[in-house]
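Working notes, beginning with the structure itself.
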Amino acid sequence: MSRLQVVSGKGGTGKTTVAAALALALATEGKRTLLVEVEGRQGIAQLFETEALPYEERKIAVAPGGGEVYALAIDPELALLDYLQMFYKLGSAGRALKKLGAIDFATTIAPGLRDVLLTGKACEAVRRKERSGRFAYDYVVMDAPPTGRITRFLNVNDEVAGLAKIGPIHNQAQAVMRVLKSPETAVHLVTLLEEMPVQETVDGIAELRSARLPVGRIIVNMVRPEVLDETDLELLRTVPRSTVARSLSSAGLGGARRGGHAERLVDPLLAQAEEYAERYTLEHEQRAVLAELGLPLHELPLFAEGMDLAGLYELARELREQGVS
Amino acid sequence: MSRPDPAQHRLSPARLLDVDPLLEDPRTRIIVCCGSGGVGKTTTAAALGLRAAERGRKVVVLTIDPARRLAQSMGIDSLDNTPRRVKGIDDSAGGELHAMMLDMKRTFDEIVEAHADRERAAAILGNPFYQSLSAGFAGTQEYMAMEKLGQLRARDEWDLIVVDTPPSRSALDFLDAPKRLGSFLDGRLIRLLTAPAKLGGRAGMKFLNVGMSMMTGTLGKLLGGQLLKDVQTFVSAMDTTFGGFRTRADATYKLLQAPGTAFLVVAAPERDALREAAYFVERLAAEDMPLAGLVLNRVHGSGADRLSAERALAAAENLEEPRIVDQEGGKAVLRNSPDAQDSSDSPTPGTPAGAPASAPEGGSPTEDAESSENTGHAEDPERSVDQLTAGLLRLHADRMQLLSREQRTRDRFTALHPEVAVTEVAALPGDVHDLTGLRTIGDRLAADERELPDPADRPEPPEATA
């Protein structure tokens, strides 16, 4: 099992939620995981219902069976200062650099540099060991940028190669790439059963594969329950309105005669079922497209009332049952 | 949970946003669609453009990252960064629709090519720092979208430009990035880096200069000295060829504030999307950007909204429970027959089929019923119809719960921003990828009143009719 689990997905597919659930799932049975946020959105804090995360690893949840989930929101500027500190022992000069805008300059000057700092911090956490020789974290889960940017983001080597041909950043990029392209890493993509997110997933996987980054699993999020099955939908195409009206009437919803309460429900209910049928067909098509990718496929249920902490534990349990951790 | 009041199923904001007058008004020259990702921004922009064109305006739609099939439907799946005329629209009113997909690198290249002589342009385009910046700087896409908007406006070939905004990490990026890129490239630091000689001459700046060389030294060590040199050559080349970036960013910014520009915030009736929308509304107000209103996409409705979720579920259980008993006893037919006789008042034969039937088959409901009853099905047909009906009721219960959730979210938004005019777009079951679909969206965008439930059909409190 890869120790660095990168979670990406189209915006709006719930990748932060899935990353958090995965971190919880991987922490079960006394394991320790680190959940890393790189985009400064404080999505993790919102999800775990805590205050904004600082640039510091802190425990945010306890998993069933005694495991622990730590979280870290990486701030690229602070990461750069850290980095300078480590290599150049800058002290207060670092603060002066910050004042002058040099840090801002250096982190904006090249998106590649920014990304090296972010992925570098995650890779450092993956490799970090305690005095006992045990890894500080059993797993590191990264809530990564969306599918459209993920390959660029992870492929820091290419990004930086043109810019920093020598120097510590160059070396750091090399070290990061060794981890990212190894079986130590798995990149998972979160999608919905809708056309655009599925198309993006297909494109994203092609990009990851051509950059030789290790693709992990596809996680279909927010899957709606199947209310009507194939047989129902078959019947829906031929069922006489009056029969449905009588059935509604027998359920206690009024008269089935024309103009009766039950009869007047038939058209709107059938219209809603038509919409359902249309979506059902679309979802089946999208499932087929995903199945062709030949990757492990998982489905997580939709929580109609919105996601909360209880829902997160539920998703973690679901992921465990599906053998993701 | 209380039964949702049908009169409250639709948002009753202080104002309804009427898009047609906005689209038809010749003074409207730019419409910017903004909002968080995944709420149907691009589709909204395309639908608005199509609607305006079919009402006689000469429109160009600038999309940033359209879904492939949506782009194909407008004939802009080729990424050549120039507006293409969209075929197949109704041009009887004399309008035209053009569409283009933004290629940010190409746009950046074009700026360089337009402002520098060939040799210098080649030097800039080949600079590794330029290549990184033009393809990947966090704000480049936003900046280039605004740049392209400025270019299209300057060409004055279209009387309406509809712009989609980039799928930013947050709503902020779109307004901030052009400034950020502008001030970054124009900023004090980059000036210092590129013109250390000027500073050296001034006594008071000596200290700063020492600081600078230490810093460039550090950055040089970190990035490799060559990168800094690339930056310096790049910035001075850019600077001498065509003025400051900040000036350009400022000009675009002013264009957005000018009369003739209308912002539409696009959202879906979901917690996060509306939170972002509220944030955007506040931000636009703070920046003096003219907000026309909120487009609320994917709003659900129900033709049977008088049947509450609870009653629908209870009825579904009524239909399902006896079936389980019957399966054990194997007497389904016996149960169904008397039941159907008792409680349903079957249509009298000969009654003309007046109401339009929504059953997929063309025949009248009465005939359908008869033919089905005559033929009969191998297994118990009533039972599977009951099962289907129970499913229909459960589906309806889900729908009603969704309606009341959407209602709560919308109420929260209107409570915060009663001044914002709103138009709602009813949800479609699938994605839109042709002109017909866009036209439907356009109709739904414009036809807020027509979507309102027929007032004669339901009791409404008098104050809701205002």
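The values are calculated or read from the model by the stated rules, or taken from the named source; none is laboratory data. Being a predicted model, the structure only gives us computed values, none of them experimental. Positions of Cβ are backbone-derived with ideal geometry, glycine not excepted, and every protein chain shown enters the neighbour counts.
Quick notes on this structure:
- Some residue of the stretch A:229-248 being in contact with a Ser or Thr (Cβ under 8 Å, 6 or more places away or on another chain), in a loop (DSSP other than H, G, I, E, B) and basic (K, R): no
- Hits in the stretch A:1-47 - residues which are of a type in the set (K, R) and either in contact with a helix residue (DSSP H, G or I) (Cβ under 8 Å, 6 or more places away or on another chain) or in a helix (DSSP H, G or I) (or both): A:R3, A:K10, A:K15, A:R41
- The residues on offer are A:V220, A:V239, and the sole one that is crowded, with 21+ Cβ neighbours inside 10 Å, among the β-branched types (V, I, T), more than 23 Å from B:S308 (Cα to Cα) and at the interface with chain B (Cβ under 8 Å from one of its Cβ atoms) is A:V239.
- Yes/no for B:L428 being at negative phi and either at pLDDT 95 or above or in a helix (DSSP H, G or I) (or both): no
- Taken over the stretch A:21-39, the criterion of being touching an Asp or Glu at 6+ places or on another chain (Cβ under 7 Å) and not aliphatic (A, V, I, L, M) is satisfied by A:K31, A:R32, A:T33, A:E37.
- When A:L295 is tested against (1) assigned to a helix (DSSP H, G or I); (2) away from every other protein chain (no Cβ under 14 Å), exactly one condition is not met: (1).
- Note on the stretch A:162-215: residues that are more than 14 Å from chain B (Cβ to nearest Cβ), out of contact with any helix residue (DSSP H, G or I) (no Cβ under 6 Å at 6 or more places or on another chain) and within 16 Å of A:R114 (Cα to Cα) amount to 1.
- Whichever residue in the stretch A:223-236 is facing chain B (nearest Cβ under 10 Å) and surrounded by fewer than 16 Cβ atoms within 10 Å (Cβ to Cβ) and, among such residues, is nearest to A:L180 (Cα to Cα): A:R224
- Just one of the listed residues (A:G259, A:G255) is over 23 Å from B:V299 (Cβ atoms) and either touching a helix residue (DSSP H, G or I) at 6+ places or on another chain (Cβ under 8 Å) or aromatic (F, W, Y) (or both), and it is A:G255.
- Residues (among the small types (G, A, S) and farther than 17 Å from B:Q387 by Cβ) located in the stretch A:263-276: A:A271
- When each of A:R257, A:R264, A:R287 is tested for being of a type outside the set (S, T, N, Q), more than 30 Å from A:A125 (Cβ to Cβ) and within 7 Å of chain B (Cβ to nearest Cβ), the lone residue that passes is A:R257.
- In the stretch A:1-26, residue farthest from A:S325 (Cα to Cα) [restricted to those that are in contact with a Pro (Cβ under 7 Å, 6 or more places away or on another chain) and either without any contact (Cβ under 8 Å) to a residue 40 or more places away in the chain or small (G, A, S) (or both)]: A:G11
- Selection from the stretch A:27-59 of residues that are free of Cβ contacts under 8 Å to residues at least 60 places away in the same chain and polar (S, T, N, Q): A:Q42, A:Q46, A:T50
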